Amino acid sequence: MLKQLYIKNYTLIEELDIEFHEGFSVVTGETGAGKSIILGAIGLLLGQRADSKAIKAGTDRCVVEAHFDLSRYEMQGFFKENDIEFDASDTIVRRELTAAGKSRAFINDTPVSLALMKELGEQLVDIHSQHQNLLLGKQDFQLEVVDILAKDEKELEAYQQLFKEYKATEQHLSAIREEIEQSRRESDFLQFQYEELSDARLVDGEQEELEAKSDTMTHAEDIKQALYESDAALSDDENGVLSALRRSVSSLGSVKNVLPAASELSERVENCYIELKDVASDINGLLENVDFDPSELDAVNMRLDKIYNLQKKYHTDTVAGLLETQSDLERRLANIENGDEAVAELERKLEDLMAKCRQKADVLTAKRERAAREIEKQMCEKLVLLGMPNVRFEIDIAREPLSRMGQDKVAFLFSANKLTPLQSVAQVASGGEIARVMLSLKAMISGTVKLPTIIFDEIDTGVSGKIAEQMARIMHEMGLQNRQVVSITHLPQIAALGNTHYKVFKEDTPQGTVSHMQMLNDDERVMELAQMLSGSNVTEAAIENARQLLDNR
């Protein structure tokens, strides 16, 4: 749950540091006092987009930070998976914005991406605002509600894995059919290309060998001259290095008896002589083998020209690429011959996968239908308590072609009156009725989804009196289930039922208008409720009425 919220330099908030408590809390304040600003700041912590214009005028940086107690929720996996230190009793989420437009996000002082902050935020806080009521008209939202309450995650995952394989096979079959059709249209051309490459008798690696041979033969005279000069320098009888070394060995050997060091020097020179004699032999061998044969050079260059032309034609720069093209052409030609058999095999596989998908979809549908009947029953019970004695609420599950979510099309049907036929809830329900339907759904969902904090932003729109009180009791009950529920409200009947009451108000200062938020004590709550009941001129009757509302909790 949200334990503490700190906001600095965000729109009209100069600095706010306030604690929150478990159970059901209410937030009141006049229109424009800054309630939406606080929600906007919390939204930043949930990964919503930031606007540098939201930074308080005259400042260059704003900070929003929240502390959460997650000790009742199994969330260590998220932190371990993302290599973030985990403190169940004090998880800190922080967002910083600068006037230059930079935004930084932190979880437990670890810098994180906005996407990761959003992923965590969705598991920490659910903000239900009035625009969320529009979701009630969306078929995918209605299906999601049924799935949540059906607890069919395993069945849905099993179906989706199979359906994914089905779609992949379907795409593969389509690609094979298209390729075979195209290959048949181009069969003569493909055959010509294959034969052209096959007749070339290409060998991987031959291009490099031929290029090296061509270079050698092209520079044969230069190579011969270099080898001849090197051979002469080493092996000439009069001035060659080898002759000089033999003389050096002989001279040093003649004095080794009188000069001990000469023995080692003689040995070293002799080693050099042996090594250079080897080198001279290799040079002499190369010299004998270097011949210039113009016809052979022409043959090498003709082979290279053929390889280069094929590479240009088939858009590659290696023999390996040409061989790959040849192999692909061979496969496509084989497909022309054996394609029908391959298609038939894929078609059989597709039919088998479709049958299995339908089986999985049927299991999913059965679970959804059982959940739908229970949802209908509970929704009617809750809506009767919320002032709709003749309400009918049904969930129609119709069959449709298989898709990623199964074979079911879900529609929430609603009627608040006996003689009014059932119709789509979004089309026939009034604003106040939709608010009550959404609250009832949220109350049911909250019992299944372990979400630490739920914030209702004016869920009471369009209702008043005893209905508002019943809505407050539902929210209060939600807050008893190891959950924190916060309601931003303008109705005293709802505000009176909160375990904790916060007030948001504005103050004009020499530096400008500033928004504040404070937790009210018992006396302050009485005055706030009295003001909500009677307006700015608080009467004794309003004060007494406020006390009665609080006593009736």
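Could you count how many residues in segment 496-525 are closer than 19 Å to VAL486 by Cα, of a type in the set (A, V, I, L, M, F, W, C) and not in a loop (DSSP other than H, G, I, E, B)?
Looking only at that region, the number is 4.
Is it the case that SER415 is polar (S, T, N, Q) and open to solvent by less than 10 Å² (accessible area, probe 1.4 Å)?
On the way: polar (S, T, N, Q): yes; open to solvent by less than 10 Å² (accessible area, probe 1.4 Å): yes.
In short, yes.
Go through (1) over 30 Å from GLN531 (Cα atoms); (2) touching a strand residue (DSSP E or B) at 6+ places or on another chain (Cβ under 7 Å) for ARG49 and report which single condition fails.
Status for ARG49: all satisfied but (2).
Being within 22 Å of the chain's Cα centre (by Cα) and at pLDDT 90 or above is the requirement here; does GLU19 meet it?
Values: within 22 Å of the chain's Cα centre (by Cα): no; at pLDDT 90 or above: yes.
For GLU19, the condition - within 22 Å of the chain's Cα centre (by Cα) and at pLDDT 90 or above - is not met.
Please identify the pairs in which a residue from segment 114-142 that is among the aromatic types (Phe, Trp, Tyr) has its Cβ atom under 8 Å from the Cβ atom of a residue that is modelled with pLDDT under 90, counting only partners at least 6 apart or on another chain.
Pairs that qualify, where the first residue is among the aromatic types (Phe, Trp, Tyr) and the partner is modelled with pLDDT under 90, are PHE141/LEU135.
Would you check which residues across segment 197-221 are of a type in the set (Lys, Arg) and more than 17 Å from GLN326 (Cα to Cα) and list them? Walk me through how you get there before you give the answer.
Of the residues in segment 197-221, the ones of a type in the set (Lys, Arg) are 201, 213.
Across segment 197-221, the qualifying residue is only LYS213.
Scan segment 421-436 residue by residue and report those that are open to solvent by less than 20 Å² (accessible area, probe 1.4 Å) and within 16 Å of SER129 (Cα to Cα). Outline the logic, then answer.
The initial filter retains those residues of segment 421-436 that are open to solvent by less than 20 Å² (accessible area, probe 1.4 Å), namely 425, 429, 432, 435.
Result: GLY432, ALA435.
Scan segment 315-331 for residues that are in contact with a Leu (Cβ under 6 Å, 6 or more places away or on another chain) and more than 28 Å from THR216 (Cβ to Cβ) and jot them down.
Matches in segment 315-331: GLN326, LEU329.
Please count how many residues of segment 479-490 are buried (at least 23 other Cβ atoms within 10 Å of the Cβ) and within 19 Å of THR461 (Cα to Cα). So that I can check it myself, show each step before the final result.
Step one: of segment 479-490, the residues buried (at least 23 other Cβ atoms within 10 Å of the Cβ) are 479, 484-489.
Now restrict to residues that are within 19 Å of THR461 (Cα to Cα): 485-489.
Of the residues in segment 479-490, 5 are buried (at least 23 other Cβ atoms within 10 Å of the Cβ) and within 19 Å of THR461 (Cα to Cα).
Looking at segment 528-545, which of its residues are surrounded by 16 or more Cβ atoms within 10 Å (Cβ to Cβ), under 50 Å from the mean Cα position of the chain (by Cα) and not acidic (Asp, Glu)? Spell out how you get there, then give the answer.
Here is the first cut: in segment 528-545, the residues surrounded by 16 or more Cβ atoms within 10 Å (Cβ to Cβ) are 528-534, 538, 542-543, 545.
With under 50 Å from the mean Cα position of the chain (by Cα) added as a condition, the list becomes 528-533.
LEU529, ALA530, GLN531, MET532, LEU533 - these are the residues of segment 528-545 that are surrounded by 16 or more Cβ atoms within 10 Å (Cβ to Cβ), under 50 Å from the mean Cα position of the chain (by Cα) and not acidic (Asp, Glu).
Got a sec? Which of GLU30, GLU65 is open to solvent by 70 Å² or more (accessible area, probe 1.4 Å) and among the acidic types (Asp, Glu)?
Details: GLU65 fails: open to solvent by 70 Å² or more (accessible area, probe 1.4 Å).
That would be GLU30, the only listed residue that is open to solvent by 70 Å² or more (accessible area, probe 1.4 Å) and among the acidic types (Asp, Glu).
Exactly one condition in (1) without any contact (Cβ under 8 Å) to a residue 12 or more places away in the chain; (2) open to solvent by less than 50 Å² (accessible area, probe 1.4 Å) is false for LEU439; which is it?
So LEU439 meets the others, but not (1).
Can you tell me which residue is most open to solvent (accessible area, probe 1.4 Å) among those in segment 337-370 that are under 30 Å from GLN191 (Cβ atoms) and not charged (D, E, K, R)?
The residue in question is ASN338.
Are any residues in segment 502-526 touching a helix residue (DSSP H, G or I) at 6+ places or on another chain (Cβ under 9 Å) and open to solvent by 90 Å² or more (accessible area, probe 1.4 Å), and if so, which ones?
ASP522
Picking from LEU259, LEU287, which residue would you name as being touching a residue at least 60 places away in the same chain (Cβ under 8 Å) and touching a helix residue (DSSP H, G or I) at 6+ places or on another chain (Cβ under 9 Å)? Let's see the steps before the verdict.
Numbers: LEU259 fails: touching a residue at least 60 places away in the same chain (Cβ under 8 Å).
Just a single option satisfies the conditions, and that option is LEU287.
SER251: free of Cβ contacts under 8 Å to residues at least 12 places away in the same chain and among the small types (Gly, Ala, Ser), yes or no?
Values: free of Cβ contacts under 8 Å to residues at least 12 places away in the same chain: yes; among the small types (Gly, Ala, Ser): yes.
Considered against the rule, which asks whether it is free of Cβ contacts under 8 Å to residues at least 12 places away in the same chain and among the small types (Gly, Ala, Ser), SER251 comes out as yes.
Test each condition in (1) touching a residue at least 60 places away in the same chain (Cβ under 8 Å); (2) of a type in the set (Gly, Ala, Ser); (3) outside any helix (DSSP H, G or I) for ALA398 and report the one that comes out false.
(1)
Need the failing condition index for SER183 against (1) open to solvent by 30 Å² or more (accessible area, probe 1.4 Å); (2) touching a Gly at 6+ places or on another chain (Cβ under 9 Å); (3) among the polar types (S, T, N, Q), just the number.
The failed condition is (1).
Checking GLY43 against (1) out of contact with any strand residue (DSSP E or B) (no Cβ under 6 Å at 6 or more places or on another chain); (2) in contact (Cβ under 8 Å) with a residue 60 or more places away in the chain; (3) closer than 26 Å to GLU528 by Cα: exactly one of these is not met. Which one?
(3)
For segment 28-44, enumerate the residues that are more than 25 Å from SER89 (Cβ to Cβ) and of a type outside the set (Ser, Thr, Tyr).
Filtering segment 28-44 down to residues more than 25 Å from SER89 (Cβ to Cβ) leaves 28-37, 39-40.
Result: GLY29, GLU30, GLY32, ALA33, GLY34, LYS35, ILE37, LEU39, GLY40.
The values are calculated or read from the model by the stated rules, or taken from the named source; none is laboratory data. Keep in mind that this is a model prediction, so the values were computed, not measured. Positions of Cβ are generated from backbone atoms using ideal geometry, with glycine treated the same way; all protein chains shown enter the neighbour counts. For the accessible areas, the whole protein counts, side chains as well, though only heavy atoms, and no ligand, DNA or RNA atoms are used. Shrake-Rupley method; radii C 1.70, N 1.55, O 1.52, S 1.80 Å.
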